[in-house]
Each structure stands twice: as structure tokens, then as C-alpha cells.
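Heads up: the structure comes next, in C-alpha cells.
The values are calculated or read from the model by the stated rules, or taken from the named source; none is laboratory data. This is a predicted model, so every value here is computed, not measured. Note that each Cβ is placed from the backbone with ideal geometry, even for glycine, and that neighbours are counted across all protein chains shown. The protein model used for the area step is the full one, side chains on, heavy atoms only, and it has no ligands, DNA or RNA in it. Shrake-Rupley method; radii C 1.70, N 1.55, O 1.52, S 1.80 Å.
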Amino acid sequence: MIAYFLLVHRYPAQFKRLFKAIYVPGNVYIVHVDKSSGTELAEELSDFLAPYQNAEILVPKDALWGGYSLVDAELRGMSRLLAMGDQWTHYINLSGQDFPLKSQEYIRQFLSANPGKQFIRALDQRKTRPETLNRISHLFVEADGRISETGVARPYLADATPFIGTQWKAVTRSFCEFVCHDPKAERFKDFYRNSFIADEAFFQTVIMNSGDQGMVMNDDLRMIDWVPDGDIKLRPRNYGVKDFGDLQRSTDLFGRKFDAEDDTEILTLLEGHLKSQAANLYRPTVHVPNPVSHSRVPEVIAA
């Protein structure tokens, strides 16, 4: 069984298609609707989810891009998923603009074939992304819907190495229990609460600095095409119909991202692709990318 956490702030019709594509009775689902999106969206999605077993809306709070509030939302979602049942073995987070590239049976078999592995991008921040160290070297304050840089310098956590990656992951239940409830995770929460873009660093840093959390694969299992957005920033390009062949052939489990208001046909094609997969039983192979280690620096990725 799989536990899903979904972040949604717009496009309710697209979210419904995503949910139907990943829903399987027995899995558990928590949906976080950004409070700033208004009550109408939350009420619509709550009504939609009502007939589905083991699917709930998380108590809404503001989730600001770049703020620790995104980490807080995910930790609250993890905690609720842990309380909803003890049968699930893996946790996957998605946004409302993601879409699966593999059937749920394939994903379940894939995770079963890779026990104890953590699928999360994790790079030594000092070695591979030194230009981002300002996110943790100074205090940031999140309040009143904005993030303020204080200019106040601070030392990093003693006896810890900062890591960085992307927001997306497929990790084990045991890691979720650790990061939510183990006292050894508290110092990371306290520190990253006043950092910038914590959702791309907090979980990586906890998993790499907290003893044996399993083999970290430096892979978030997402097909993402990063494109320039300004002088120094990258963003994920929206996939469309012209990308269907590449999406269909991808070995990744999910694609990011899609805009159904701009191109709805790509979701229709992917829905057909998933039905075709479900009709053809096959077993995924064991995943064998190079795991992260403190002595070997993996390839640089965009955060």
C-alpha cells in the first residue's frame, strides 16, 4: 500500500483527473489545499473526495513558496497518513499538476522490488550548490504571507552536512515515522524553520544526517524538463501532446508538470496509456541508479 500527499492550489478539474489516475482502494490519501486559494476550492475538493475511501482534506493553512510552511504542511500530512493506518509502506508526494506515467500496480511492484530505498534527490549543498548557501547561512522570517531576509548571519548545525535537491520524493514509512516523531529530527525542524526554500533541503538533510535511513538513491522518480526562468532560476516546463512519446517511454513513475487548461489532450493520452499498462501485466525491474554517499558527489541538478 502507498500513502499519497497532494499539494493543490488551483485547477480543480485537473486535480480530479490526477486523483482518479492514482486512486486504488487500500491506499491512503491526504490532500492539502492552500488556504490562500479560498474556501470554495477546498469545499469543491472535499465534496469530490467524499465517496472515496481513505481520502481526506488536511486542515488548511497557508503554504507559501519558499517558506517552511510547505515543510510544515507535508509533516502534518505525513503525521495524518501515519495515523490513518499501519498497512502502507511508502509515501509519495505530488502536486495537483503532476500526473502518473505508470499504473498503480506497476508503482506498487516497483516499490516492492526496491525495499528500504529512499527515492529523493540529495546533493551535498556545500560541494555542488554553494551559490544556494545563503538560504541557510542567514535567518529568514515567514510572516503575514511573505518571507523576509533579516541579514542576520548564523552558524550551521553542529556535526551536520547540509543537503539540497527537489521537493519531490518516494520514501519509506519508517523515514516518515522518524522525521515526524523522533526527537532527533527536532533540531532540523528548529533550524530550517528560519531558512529559505526549506522544502528542497529539509528532508534531504534529515535523511542524510540521521543514521541508517536506508539507501538514498538520488532520484525522485519524476520526469521534469527544467527550462530557464530569468537569469538564474529554472522552472519545470509544461508537457503537451508533442511530448507524449517521450512520456510514454519514460522509466520515471510521474511527470511534472501539466496544464490542462492549456493542453488537456495530453492528459487524455496519458489516461489511455495507463489503461493500456493495466491490461498488460509485467514486473518492474529493480532500480539501480547510483546511491548517494558522502564520499561521492552525484550529478548536479536544478533545485
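Taking every protein chain into account, the accessible area of the chain amounts to 45 square angstrom per residue (probe 1.4 Å). Label-to-label distance, T268 versus R249, with points set 7 angstrom from Cα along the beta-carbon direction: 2.4 nm. Applying both filters, DSSP loop and at most 11 other Cβ atoms within 10 Å, to the chymotrypsin sites (Phe, Trp or Tyr not before Pro) of the range 44-96 gives W65.
For the residue pairs K127/K184; K233/K275; K117/K189; K20/K242, the C-alpha atoms sit more than 27 angstrom apart in K233/K275. Each Lys and Arg contributes +1 and each Asp and Glu -1, all at the Cβ; summed about the Cα centre of the chain, the dipole is approximately 720 debye. Straight-line reach from K257: taking Cα to Cα under 13 Å and skipping same-chain neighbours fewer than 8 places apart, the aspartates and glutamates in range are D98, D225, D243. Please name whichever of T161, N194, S103 sits farthest to the positive end of the charge dipole of the chain, dipole taken about the Cα centre and charges placed at Cβ: Lys and Arg +1, Asp and Glu -1. About the Cα centre, the residue reaching furthest to the positive side is T161.
For the residues R126, R193, R256, a GNM of the chain with alpha-carbon springs under 10 Å puts the largest fluctuation on R126. For the chain, with all protein chains in place and a probe radius of 1.4 Å, 51% of the accessible heavy-atom surface sits on carbon or sulfur. Here the range 1-146 is treated with +1 on each Lys and Arg Cβ and -1 on each Asp and Glu Cβ, and its dipole about the Cα centre works out to around 600 debye. GNM remark for the chain: springs join alpha carbons under 10 Å apart, and the peak mean-square fluctuation among E74, E56, E105 falls on E105. For the chain, modelled as a GNM whose springs connect Cα atoms under 10 angstrom apart, the maximal fluctuation among A55, A42, A153 occurs at A153. Listed by chain and number, the aspartates and glutamates whose C-alpha is less than 18 Å from the C-alpha of K61, apart from same-chain residues fewer than 8 away, are D34, E40, E43, E44, D72, E74, E142, D144, D199.
In this simple spin-label approximation, R146 and A13 carry label points 7 Å from Cα along the Cα→Cβ vector, and these lie 3.5 nm apart. A simple spin-label model places pseudo-atoms 7 Å from Cα toward Cβ; at E40 and R154 they are separated by 3.9 nm. Each residue of the range 203-212 is assigned a 3J(HN,Hα), and the resulting list reads 5, 4, 5, 4, 5, 8, 10, 10, x, 7 Hz, derived from the Karplus form 6.51 cos²θ - 1.76 cosθ + 1.60 (θ = phi - 60°), x at Gly and Pro. Only one residue of F175, G77, L267 has its Cα farthest out toward the positive end of the dipole of the chain, where Lys and Arg carry +1 and Asp and Glu -1 on Cβ, and that residue is F175.
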